[in-house]
Amino acid sequence: MNHTKKSIIENNSFPADRTPAELWEEIIRLRKEIEVDEWVSRKTNEGIRLLYKELEKKSQKLQELDQLKSNLLSTVSHELRTPLTVIRGGVALIRNQTLGKINDDQQDTLNDVLGSVDRLTNIINNLLDLSKLEAGRVELRTSDFNVPEVINEVLKLFQPEVVSRSIRLDVDLASPPTLICADKDKIIQILTNLIANAIKFTPKGGRITVGKKTSEFEVEIFVKDTGIGIAPNDLPKLFHKFEQFGRTAGPGEKGTGLGLAICKEIIDLHDGEIWAESKPNQGSVFHFTLPRALSDDLMCQHVLDLTLKKLKGRKIQHLLTILLLRITFMRPAHSLIEKETNDEMLTCLKDSVRQIATHPMDRVLKFSSDTLMVLLDRTDQAGAFAVANKVRHLMKSKKAHVGTNEFLVDVQYGIATYPNNGGNAKRLLDLATLELTRKKRILIVDDEPDIAKELRTLLEMTNRFEVTCIFDGEAAFEKAKSDRPDLMILDITLPRMSGYELIGRFKQHRDLRNIPIIVLTGHSVDEDYRDVIGPGAIPVIYKPEGFDKILEHIEEIL
Amino acid sequence: MNKKILIIDDNLDDTEIMTRHLKEAGYQNILTAANGKSGIKLAEDEKPNLVILDTLLPDVDGFEVCRSLKSSERINSHVVMLTGAVDAVDAKKARKAGTDDYVVKTSDCAALICAVNSLFKG
């Protein structure tokens, strides 16, 4: 029977050696096969849909559990700390003989107790630290500071201990001094942790070196020791929680297994990397990188670069749009605007943006004294345009005050999209900057040259627009395709192609449909088209009386 | 309802979840078997109205069990085949083995209950 199927498909000729009855049987059989296949497809699809829902349910449950865990950790930690403070206070009082003399045995015992209390407090603090970091409830307080300064500060703390264990402590600062932009206290925390570990796992007479290496955008700090090293099996688990290694070797307090995990979280917050190299009995080197203190725009470029790298490394590519937002003041007296007002307005702008761009992966950074860079994840040009407009609306209600003068604030925007506009961070930023500063392009389509000229003069007087006049519908469509105006002003009555038809064609074109349109007409709008044009859809200007209104409309739109 | 349902599945947790959901849906008479052979035997003895059968069984091929259930004269029940991971090739095998439905296991057993209900209705 398959022979028949094959010959029909291959030879495309009617099999003459088959009886009608046989062929009919064949057809019935094939029909049944198709029914079965249809059933199979349906059942498979239903199954897939249900499994997908199941996956979402489980994923949500996981998120809830994670949140619960974080909440639990912080509540418990707080409750545990209070009694510990009381215990410590009491024991210290007795040990210090403030409440009366005690003998040596009693003092030794109390010392042990204090040691344990301190250790317990340490564990609780670490747990709390970690849970806050993981829950994203830690805000970095960054400043620009010198690396050697921080290294020396930490090393001083460990002087007594390295001396007592005959460990040599070296500092390698061969590269020139560089400023890094980081949270100073947190970096001290990391260095303290790494150096303490190095001391813990390095035998007497060993050597610890702390140094730094500088590259274009970051500084790498390393802590090297000649200690017992780490087994290759343990290396990948180093920065995991509650993992402890080499506990049997070496003296010193037992750790909490959380130190390195905390270090990793802090470094992640700084967009840096932390890693270790080690071989058993050949010592270890722990490295971590931090961003250099750079000018705002270079910093933005660097962050964009990192973001693009992450994006490109993903299996599923999605869009990223760069939106530059610049504050402009609407009255000409620019020189009166002081730095404080600018800063204030920029903060205001940042808040407005945060209200609109709420995706967790969106980022807002200062690009210059009056400009912000916003990275919008999974957003295309139209989306970015919408965000920019919403922000403009929010900012329009704010006013800047300088002395007794009040200035209205406006926001200019420039957009560039990955991957449509390219994949290089600097180029994307340059493009967005270009879009930010260029004059908006307006296309006027009207068959009466006088009207067109009048409108053009009116618009070009503001010095903010680049105006092109076209007198024919067909030519206008071509021009729009090649030039991509930011706004089109169309006359309804045109030769060859009516204004309505032109609008229709624009709205159907994939790239042109989002360009705003203003309609000009000398008489009232045709009944049929009142839905498409007219209040709410596209603004209509009656010429020539409406011309003074046209600027208002344009301000609204652009 | 006085319908008798037999579950043939070697995963005890899954069986427990399914039993619970079936009982909540009103089916009180639930029997279980943990492998194909004892499942067929139980079906012959107890003559359930519907058999819920996992595609993956420890001793025999699930589809074989389905064929045996459907071809046996002593057993006259609906068969619903269950899987943890939906697969088009399996679906076809199940249909060819004579199953009345092929559904996926989920934590709420929604698909299963739905299939059982519609088989008893129609």
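Can you tell me the length gained on complete extension of the stretch A:LYS439 to A:LEU72, counting 0.36 nm per residue apart and subtracting the Cα distance? Numbers along the way, then the final one.
On the way: separation 367, 0.36 × 367 = 132.12 nm, distance 5.55 nm.
Residue separation times 0.36 nm, minus the Cα-Cα distance, leaves 126.6 nm.
Of the Cα atoms belonging to chain A, the radius of gyration and Dmax stand at 35.2, 119 Å.
For a Förster distance of 22 Å, can you work out the FRET efficiency between the beta-carbons of B:ASN117 and B:ASN76, rounded to the nearest 0.05? Display every interim value, and only then the final one.
On the way: r = 19 Å, r/R0 = 0.88.
Calculated transfer efficiency: 0.70.
Per residue, the protein assembly as shown exposes 56 Å² of solvent-accessible protein surface, assessed with a 1.4 angstrom probe and all protein chains in place. Averaged over the residues of peptide A:44-57, the number of Cβ atoms from other protein chains lying within 10 Å of each residue's Cβ is 5.
With a Förster radius of 60 Å applied to the beta-carbon distance between A:GLU56 and A:GLN107, the computed FRET efficiency rounds to 0.45.
Set the Förster distance to 22 Å, then compute FRET efficiency between A:THR493 and A:GLU454 from the Cβ-Cβ distance, nearest 0.05. All intermediate terms of the calculation are to be shown ahead of the outcome.
On the way: r = 17 Å, r/R0 = 0.76.
Once rounded, the FRET efficiency stands at 0.85.
A straight Cα-to-Cα reach below 19 Å connects A:LYS426 with the lysines A:LYS309, A:LYS310, A:LYS312, A:LYS366, residues fewer than 8 places away in its own chain not being considered.
Dipole check for the range A:174-228: with +1 at the C-beta of Lys and Arg, -1 at the C-beta of Asp and Glu, and the Cα centre as origin, the magnitude is about 340 Debye. Modelled this way, with points 7 Å down the Cα-to-C-beta line, the labels at A:GLU501 and A:ALA386 are 3.3 nm from one another.
Under a crude label model (7 Å from the Cα following the beta-carbon direction), how far is A:ASP410 from A:ARG464 in nanometres? Between A:ASP410 and A:ARG464, the label points sit 0.1 nm apart.
Using only protein heavy atoms and a 1.4 angstrom probe, determine the accessible area buried between A and B, summed over both sides, in Å² to the nearest 100.
Numbers: alone 32640 and 6490 Å², together 37780 Å².
Summed over both sides, the interface buries about 1400 Å².
For the range A:431-458, list residues with backbone N below 14 Å from a point placed 7 Å from the Cα of A:PHE471 toward its Cβ? Once the point is set 7 Å along Cα→Cβ of A:PHE471, A:445-454 turn out to lie under 14 Å by backbone N, inside the range A:431-458. Only Lys, Arg, Asp and Glu carry charge here, each on its Cβ (+1 for the first two, -1 for the last two); on that basis the range A:69-122 has a dipole of about 280 debye about its Cα centre. For the residues of B:84-93, the average number of beta carbons from a partner chain within 10 Å of their own beta carbon is 5.
Our note on the geometry: Cα centres of the range A:445-512 and the range A:72-123, 81 Å apart. Pairs with C-alpha atoms separated by more than 25 Å, drawn from the list A:LYS57/B:LYS3; A:LYS200/A:LYS237; A:LYS184/A:LYS212, are A:LYS57/B:LYS3. Multiplying the residue separation of A:ARG137 and A:MET361 by 0.36 nm and removing their Cα-Cα distance gives an extension gain of 79.1 nm. Computed on the Cα atoms alone, the convex hull of the range A:386-513 gives a volume of 146 cubic angstrom per residue. The simple spin-label model puts a point 7 Å past each Cα toward its Cβ; for B:LYS23 and A:ASP185 those points are separated by 5.6 nm. In a Gaussian network model over chain B where Cα atoms closer than 10 Å are linked, find which of B:VAL51, B:VAL104, B:VAL89 has the largest mean-square fluctuation. Checking each option, the largest mean-square fluctuation is seen for B:VAL89. Within the same chain, lysines fewer than 8 places from B:LYS93 are excluded, and of the rest, those with a Cα less than 20 Å from its Cα are A:LYS32, A:LYS43, B:LYS37, B:LYS70, B:LYS105. Of B:ALA33, B:ALA85, B:ALA111, which has the largest mean-square fluctuation in a 10 Å C-alpha GNM of chain B? Of the options given, B:ALA85 has the highest mean-square fluctuation.
Inter-chain neighbour count for B:104-112: the average number of beta-carbon atoms from partner chains within 10 Å of each residue's beta-carbon is 4.
Here the range A:31-97 is assigned +1 on the Cβ of each Lys and Arg and -1 on the Cβ of each Asp and Glu. Its dipole about the Cα centre then comes out at about 400 debye.
If you take every DSSP beta bridge whose two residues both sit in chain A, what share of them, in percent to the nearest 5, is antiparallel? Provide the component values of the computation, followed by the final result.
Numbers: 53 of 75 bridges.
Of all bridge pairs located within chain A, approximately 70 percent are antiparallel.
In summary, the helical segments of chain A meeting the span-like criteria, namely a full DSSP H run, a Cα extent along the axis of 20 angstrom or more and a mean Kyte-Doolittle hydropathy of at least 0.5, are A:147-164.
Ignoring lysines fewer than eight residues from A:LYS241 along the same chain, the ones with Cα atoms less than 18 angstrom from its Cα are A:LYS69, A:LYS132, A:LYS254, A:LYS264.
The values are calculated or read from the model by the stated rules, or taken from the named source; none is laboratory data. It should be emphasised that the depicted structure is a prediction, and the values quoted were computed from it without experimental measurement. FYI the Cβ positions are ideal-geometry reconstructions off the backbone, even for glycines, and counts take in every protein chain you see. All accessible areas refer to the heavy atoms of the entire protein, side chains included, with ligands and DNA or RNA removed. Shrake-Rupley method; radii C 1.70, N 1.55, O 1.52, S 1.80 Å.
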